[in-house]
């Protein structure tokens, strides 16, 4: 049986990479301890080991699962290698590790010599975009590096019959690696052109950490049903990014049949493909982002917009979790042969 390390979830019930395990029922999960004595031991271990770990995000929960994996026998899959698999890299059993950060961010985490040591300890490496795949293929034999995309729950994130109003919703979701400067400028110019005739909404964990345009409605801590409703109501998801591998908001919007305007960086082209559902704009190009949003908005209520919405759903279905789980099982069979 494969053992898999599960981190503390940051996403909603049907979102995030952890959902992979719901489609791999034979996998044993390693989770943070819940008993008081075990939690106390984990905190003590974390105080001793944290200074020796170069990973930028290594809370006590990750330390606890890292040590549990170190002691576990047999094949294992580390779901978040960027935040774990530092001490557990010395475990005895064969291990697959998935990485999520963009290649440039991975390179900045540790010097090349440290990466060669860590990567060499993983028997199989799962990447989420071609840039990551190239990064690790320069560290270990290419046959040990696999591109298995991030998935999306297409049963939870679904389109709905939508009556678009005269006040279209331009939605932005997320916080990490977002290009807030571009977003603010786009919001300013959209508000200048449309005034109160447009709804500018941001769902983020960063609600109170920065100033926002006065016309921007900012939401934090909303329920998953509320988020899905926003996706369904949106005329377009505006996703200005500084970098990316996979992106939950992109996949969730596509699954809900919402067209996307996103920055052409990292793994975004890999997930958007050539589908008319997504319009990609150059990094930092505010004018291009505004033009793309305006193009999608002017199509609202037309056959072209219906085509984008249909294409969005079709594109998302290629990343449905059952298909991603099948690809992951191929990696597990390699582990079991070692």
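Residues of region 146-186 that are outside any loop (DSSP other than H, G, I, E, B) and farther than 22 Å from residue 264 by Cβ: 146, 169. So for region 43-50 (the condition being surrounded by 20 or more Cβ atoms within 10 Å (Cβ to Cβ), in contact (Cβ under 8 Å) with a residue 12 or more places away in the chain and not in a loop (DSSP other than H, G, I, E, B)), does at least one residue qualify? Checked region 43-50: no residue is surrounded by 20 or more Cβ atoms within 10 Å (Cβ to Cβ), in contact (Cβ under 8 Å) with a residue 12 or more places away in the chain and not in a loop (DSSP other than H, G, I, E, B). The residues of region 187-210 that are surrounded by 19 or more Cβ atoms within 10 Å (Cβ to Cβ), within 27 Å of the chain's Cα centre (by Cα) and not in a strand (DSSP E or B), listed by number, are 187, 204.
Which one of these is surrounded by fewer than 16 Cβ atoms within 10 Å (Cβ to Cβ), outside any helix (DSSP H, G or I) and either in contact with a strand residue (DSSP E or B) (Cβ under 9 Å, 6 or more places away or on another chain) or touching a residue at least 12 places away in the same chain (Cβ under 8 Å) (or both): 101, 73?
On the way: 101 fails: surrounded by fewer than 16 Cβ atoms within 10 Å (Cβ to Cβ).
So the residue among 101, 73 that is surrounded by fewer than 16 Cβ atoms within 10 Å (Cβ to Cβ), outside any helix (DSSP H, G or I) and either in contact with a strand residue (DSSP E or B) (Cβ under 9 Å, 6 or more places away or on another chain) or touching a residue at least 12 places away in the same chain (Cβ under 8 Å) (or both) is 73.
Could you look through region 119-143, keep only residues that are buried (at least 18 other Cβ atoms within 10 Å of the Cβ) and assigned to a helix (DSSP H, G or I), and pick out the one that is farthest from the chain's Cα centre (by Cα)? Ranking the qualifying residues of region 119-143, first place goes to 119.
If we keep just the residues of region 51-70 that are assigned to a helix (DSSP H, G or I) and touching a helix residue (DSSP H, G or I) at 6+ places or on another chain (Cβ under 7 Å), which is surrounded by the fewest Cβ atoms within 10 Å (Cβ to Cβ)? Restricting to residues being assigned to a helix (DSSP H, G or I) and touching a helix residue (DSSP H, G or I) at 6+ places or on another chain (Cβ under 7 Å), the top hit is 70.
Residue 28 passes every criterion in (1) in contact with a helix residue (DSSP H, G or I) (Cβ under 7 Å, 6 or more places away or on another chain); (2) under 20 Å from residue 76 (Cα atoms) apart from (1). Of all the criteria given as (1) under 30 Å from residue 187 (Cβ atoms); (2) in contact (Cβ under 8 Å) with a residue 24 or more places away in the chain, the one not satisfied by residue 64 is (1). In region 162-171, the count of residues that are surrounded by fewer than 18 Cβ atoms within 10 Å (Cβ to Cβ) and either at pLDDT 95 or above or within 27 Å of residue 22 (Cα to Cα) (or both) is zero.
The values are calculated or read from the model by the stated rules, or taken from the named source; none is laboratory data. Because the structure is predicted, anything quoted here is derived from the model rather than measured. Positions of Cβ are generated from backbone atoms using ideal geometry, with glycine treated the same way; all protein chains shown enter the neighbour counts.
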